[in-house]
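Here the structure comes first, spelled out in structure tokens, and everything after it is commentary.
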Amino acid sequence: MGQKYTVLEIAKEALARYRITETDTMLDTVVKKIRKIINVQQFEAIGMKKSTPQTKKSGRAYSEEIKNEIVQNFLFDYMIQRTYDERVKRMKSPKYYDEHAEDNNGAWEDETLTILNMTRPEQEALLENQGKTEKIRENDIFIREKKMEIMLEALFSRYFLLNVEEFVEDANKVSYATRNKQGAFDREDMRTFERFHKWESYVEERE
């Protein structure tokens, strides 16, 4: 029958694929999003499975094909908006290639799916090389996002102060834990993750 995946396992893979730090809050949010997708699309489970060895009850499990469709297609826009990884943000969705396939006589390859299935070093090498050869244009998503970032920063700086030192310190802690602890996070790590994903943690109102 092939491998099967629970909703929790699909959520964990999605967070890893889009380089989003796995916290309890973020994991729970993605799990709920996936369950909604499954209900709307009426995806059928292929069996039951425990998400972890410690789990007492088994949950519905889905095929690898459905898992990939959820992670790579239905979750793409949702996860891209939440990742902090600029390399991931530059990826185009499968829908983009589908929409342009006819205009280009099938010449468009689904590069995004290839990137999502690469290792991180492979992703970095490919996207870095692309950055050296592609010319950025005014309507590119990178420029639009950067313009929005500048305007928001200008407005923000008028009314608020950002504790950059504390923000950078937490960013380094998050980066270290994500790269080196392989999911074995302690309570301090979890507190840092929660704080890092709340903008209020680093902002003070100007007097």
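Observations, loosely collected:
For (1) of a type in the set (Val, Ile, Thr); (2) surrounded by 12 or more Cβ atoms within 10 Å (Cβ to Cβ); (3) in contact (Cβ under 8 Å) with a residue 60 or more places away in the chain, each residue gets a yes or a no:
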| residue | (1), (2), (3) |
| --- | --- |
| ILE20 | yes, yes, yes |
| VAL31 | yes, yes, no |
| GLU44 | no, no, no |
| MET48 | no, yes, no |
| ILE70 | yes, yes, yes |
| PHE74 | no, yes, no |
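- Residues of the stretch 167-206 satisfying the condition of being within 19 Å of the chain's Cα centre (by Cα) and either of a type in the set (Ser, Thr, Tyr) or assigned by TED's automatic domain parsing to the domain that holds ARG19 (or both): SER175, TYR176, THR178, THR192
- Residues within the stretch 1-25 that are within 14 Å of the chain's Cα centre (by Cα) and either modelled with pLDDT of 90 or more or among the basic types (Lys, Arg) (or both), tallied: 8
- Pick from the stretch 183-192, criterion at pLDDT 85 or above and out of contact with any helix residue (DSSP H, G or I) (no Cβ under 6 Å at 6 or more places or on another chain), ranking: nearest to PHE156 (Cα to Cα): ARG191
- Selection from the stretch 51-99 of residues that are among the aliphatic types (A, V, I, L, M) and either under 27 Å from ASN172 (Cβ atoms) or modelled with pLDDT under 75 (or both): MET79, ILE80, VAL88, MET91
- Qualifying residue in the stretch 54-61 (condition: closer than 24 Å to PHE193 by Cβ, hydroxyl-bearing (Ser, Thr, Tyr), surrounded by fewer than 18 Cβ atoms within 10 Å (Cβ to Cβ) and touching a residue at least 60 places away in the same chain (Cβ under 8 Å)): no
The values are calculated or read from the model by the stated rules, or taken from the named source; none is laboratory data. The shown structure was predicted, so the numbers you read here are calculated from the model rather than taken from an experiment. Ideal geometry is used to build each Cβ from the backbone, glycine not excepted, and the neighbour counts take in all protein chains shown.
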